[in-house]
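Since the structure comes first, as structure tokens, the remarks are kept for the end.
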Amino acid sequence: MELQPDSGSFSVDKARLAALVKNKNHEILGELGGVEGIISILRTNLVVGIHGSPQDLHHRRKTFGANTFRKARIHWFVDLLVSIFTDFINVVVFALSMYVVVSGIMINGWETGWKEGTYAFIIFLVFFIVSPIFELGTETYFQKATEVCRLVIVLRNGLMQQILYNKLVVGDVVYLKKGDKVPADGLFLDGHSLELDESKITGLKEEQTLPKMEKVDNSNPFLSAGAEVVDGHGTMIVTSVGRNTKCYQSKGEIYINEKTLLESETKYLEAYLEKIKWVVAFSYLPISLGRYFSGNARDDNGNRMFIYGETSVLYVSYDIVEIILAMIAISIAMDTSSFTWAIKFNLARAINKLKADNVIVKNISSLEKAALGIAGILIDESGTSTVNVSNPTERAILSWGVTELSMDLEKQMQDFCVVKVQSSNSSRGILLLSDNRFHVHWRGPAGTILTMCSSYYDNSGIKRVLNENLRTFLEQQMENSDSSKSQFIALAHTEVTDQDSTVEQDSLTLLRLLILIEKEQEGTNEESDLNVKLIIDKDSSAEDTNQTEVLVSFRSTQGDIVICDGNFASLAMVLRWGRCIWHNTQTFLQFQLTVNITSLLNTYIAYSEFKGVPQMDTRLTYVLVQLIWVNLFMAFIVAVNLGRENPSDELESTTTSNKLQLVKGTMWRNLIAQVVYQLVVLRIVENRGEAIFNASEDANQSITFVMPIFFQVFNMINARKIEEKNIFLGIRPSSIGLAVVLIFIPVALVELIRKLVGFERLNPIHWIACIVIALLCWAVALAIKFVPVRFFSIPIMAAINKFKALYHMLQFQALKIFNSLI
């Protein structure tokens with residue numbers, strides 16, 4: 001069928017098309033002539049799709065927009081500020097800080113009264129800004145790495161093709177099946193029992209949504225980007241893309257990928273820790289307020305801070321606000337946002353490494369599932385990863401053309417324009433246009449194609465007559481071959497005067513006669529639970545062209561991971577990377593849980609022991625700076641460093657089960673030992689450090705400030721090995737170099753805030769003592785690994801499982817009530 005490129009203007013604008021699906025507006029649909037009218041307006045052909053030439057695609061993107069969602073940097077920064085100043089906790093913190101500024105000026109005058117509230121405001125603001133910036137960097141890296149995972153099947157110029165979802169344009173015909181995400185807004189064309197879950201495009205938070213099923217058919221043809229196909233299959237025509245879609249306008253983004261196993265499991269861990277930290281933080285209020293109003297709170301001079309009937313309301317409110325800010329500082333001591341950074345960095349790096357080795361990860365979760373033995377891996381023997389969705393025969397031919405003839409597929413696609421495509425049960429003909437000349441190519445079973453040929457090209461490229469003797473010889477060779485293991489394919493060509501010319505029965509010239517032999521693979525692991533699919537060089541039979549396309553589409557989407565080079569050795573590499581992702585994520589979680597629990601308990605105990613009200617220009621300031629560095633900067637650095645660990649031989653030999661366990665008993669054992677050691681040391685240093693180090697009060701404050709930082713520097717090395725006693729096994733020189741650099745960071749931090757909070761420079765003896773004490777965490781890590789795991793894993797995991805069950809039950813009941821109200 002003829003298809004000409006589109007260059008003229010369209011008779012509908014993108015705003016009207018966007019309103020069509022956004023509001024499910026049957027009135028607009030009727031005004032535009034129904035679905036058939038939309039097809040005509042967008043100049044789409046249901047048989048061959050859109051033209052798909054570079055000019056056509058450019059014209060459609062220019063008119064209707066591109067299927068991209070990235071915001072400009074200035075817009076992202078504005079959105080960041082808006083989100084910061086609209087978050088409830090942040091608003092409370094900033095309001096309280098401003099109150100401290102105003103009341104401080106009223107109490108102490110302009111010269112010093114503004115400092116405490118201003119310090120708190122600035123440091124809290126930095127804390128709230130730094131985390132989203134790190135999150136953006138990780139998310140950007142993750143999105144770039146996973147672009148190849150987001151593939152959609154479209155019909156362009158008569159050929160089914162797999163393209164990246166961001167290459168989709170308005171007018172494309174898209175094929176959908178169960179499990180797919182709708183990549184853009186569109187209208188239903190054809191299908192069977194197509195049902196969508198639209199719960200993720202409601203604009204509500206994920207925890208506020210229940211499945212929202214929507215049947216799609218001719219009476220309800222609207223499909224929204226981001227919806228998931230939960231049943232059936234079908235085709236759609238794209239009407240809106242990118243920022244014009246309903247989902248983007250309601251949520252500001254489109255979720256093409258589901259949360260992975262690691263992300264979902266981490267969500268429960270984060271929820272568990274969030275509850276714990278707020279329970280701990282709120283428990284500080286009665287302790288501090290009770291001490292204050294009982295008259296036991298003392299200032300730096302030993303005077304009572306509250307005397308009933310004498311202390312003014314201004315002073316009381318000032319002190320209470322500082323206590324509340326200290327409570328919030330305790331809560332942010334446990335920051336779990338870094339958990340997601342580590343997971344996404346690990347996934348992105350593994351995907352990039354596998355991509356370089358001709359392994360395509362189509363389902364991001366599959367890498368994690370591969371480690372558990374539940375992923376579907378598809379091995380493509382052809383050795384060619386082509387964007388066109390084709391059957392095994394065509395892939396084998398393309399592979400031969402690339403490897404043997406050095407054919408440039410991209411150049412061929414640019415030099416030739418597809419005019420017509422004709423298919424039969426076993427053969428395919430295509431009419432191409434190049435340099436104003438029409439070329440007809442046929443590919444099919446050799447017996448069929450030979451009857452259409454009257455000549456052939458020899459090895460020298462000379463055209464010769466295909467006589468009966470040669471024809472008979474070729475037919476005998478095909479008959480004598482083992483038809484169960486080989487397949488003869490012929491390629492033929494001729495030129496015609498115009499696109500309407502008919503090809504004579506025997507006017508073709510034979511180009512090549514190819515033999516496809518089924519390749520026997522060795523080395524499959526029969527004991528593995530992996531779902532391995534092998535594309536063999538035997539074509540699937542189908543009764544008609546449409547059925548062939550369905551079979552092709554089905555086969556091309558079965559594997560979660562596609563090994564394009566057909567090498568079974570790559571299967572072991574996929575398993576190694578899958579286990580490496582789990583291992584690297586677990587090592588980071590062990591590190592970060594140690595940091596979070598230690599910071600939370602140490603901050604809580606320090607504030608609870610404090611006899612007065614934490615002053616924001618002294619204790620609160622250095623605690624917040626310490627938390628910003630340890631919980632955010634160190635977390636990001638360690639996430640990247642541990643995420644760069646490559647798969648080891650130990651991981652390949654590790655036995656796995658399909659039981660999901662993110663935080664193992666060995667991890668609880670290791671981190672509890674570290675938390676106890678670090679917490680004991682920090683409390684001793686803060687309460688007895690002046691005598692132990694022969695240091696002044698200000699110098700001891702400096703030691704108390706730098707000790708947690710040193711602990712986490714060495715804990716970064718310690719966390720590399722969860723079960724092995726030798727933590728230096730396979731360590732990269734860059735990790736050692738990074739640790740050395742990080743050791744000097746506390747020196748700079750002490751100098752940075754020394755004048756603000758009254759720190760004193762430490763002498764070399766003090767620095768060496770701090771480093772040696774921190775180094776002892778390695779000895780603690782070695783000693784605890786001799787303790788059986790059962791003493792740690794059973795009670796902790798039982799508590800978490802009970803929390804999960806309670807969390808699910810409460811969430812389900814809350815969602816039922818919430819949805820009934822709206």
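We did not get these values from a lab; they are worked out from the coordinates using the rules stated. All values derive from a computational prediction rather than experimental measurement. Note: ideal-geometry Cβ built from the backbone for every residue, glycine included; neighbour counts use all protein chains shown.
Sort out for me the Cα centre separation of region 87-161 from region 12-62, rounded to whole Å. Using only Cα atoms to place each centre, the spacing works out to 39 Å.
Projecting label points 7 angstrom from Cα along Cα→Cβ for I768 and Y268 puts them 5.0 nm apart. Sorting F633, F488, F339, F705 from the fewest to the most surrounding beta carbons within 10 angstrom yields F633, F488, F705, F339.
Judged by the mean number of other Cβ atoms found within 10 Å, the most tightly packed of the peptides 46-57, 636-647 leads the ranking 636-647, 46-57. Extension gain for N25 to W778 (0.36 nm times residue separation, less C-alpha to C-alpha distance): 264.5 nm.
Length available on full extension from H58 to R688: 0.36 nm per residue minus the Cα-Cα distance, which gives 219.6 nm.
Neighbour counts of other Cβ atoms within 10 Å put M327, M334 in the fewest-to-most order M327, M334. Sorted ascending by nearby beta carbons within 10 Å, beginning with the fewest, E368, E36 become E36, E368. Peptides 765-772, 153-160, 446-453, 593-600, ordered by how many other C-beta atoms sit within 10 Å of their residues on average, highest first, read 593-600, 153-160, 446-453, 765-772.
Among K362/K664; K246/K353; K62/K181, which pairs are too far apart, with a Cα-Cα distance over 32 Å?
In this structure, K246/K353 lie more than 32 Å apart at Cα.
Taking label positions 7 Å along the Cα-Cβ direction at both R790 and F293, the computed distance is 5.1 nm, reported to one decimal.
For M334, no residue whose modelled amide H falls within less than 5 Å of its own remains once neighbours fewer than 5 places apart on the same chain are excluded. For the set K144/K344; K267/K355; K178/K344; K167/K215, the pairs lying more than 18 angstrom apart at their alpha carbons are K267/K355; K178/K344; K167/K215.
For region 416-517, averaging the sequence separation of C-alpha pairs within contact (under 8 Å, six or more residues apart) and dividing by the residue count gives a relative contact order of 30 percent. On the basis of the beta-carbon distance and an R0 of 35 Å, I133 and K275 show a calculated FRET efficiency of 0.85. A protection proxy built from the mean count of other Cβ atoms within 10 Å ranks the segments 91-98, 437-444, most packed first, as 437-444, 91-98.
Quick check on region 415-515: take the gyration tensor over C-alpha atoms, sort the square-rooted eigenvalues as a ≥ b ≥ c, and tell me if it's rounded (a/c under 1.5), prolate or oblate. Taking the square roots of the gyration eigenvalues as a ≥ b ≥ c, region 415-515 is prolate. In this simple spin-label model, placing a label point 7 Å from the Cα along the Cα-to-Cβ direction at both V316 and F473 gives a separation of 11.2 nm. Here the calculated FRET efficiency for V680 and I731, from their Cβ-Cβ distance with R0 = 30 Å, stands at 0.60, rounded to the nearest 0.05. Here the gap between K355 and S337, fully extended at 0.36 nm per residue and compared with their Cα-Cα distance, gives a gain of 3.7 nm.
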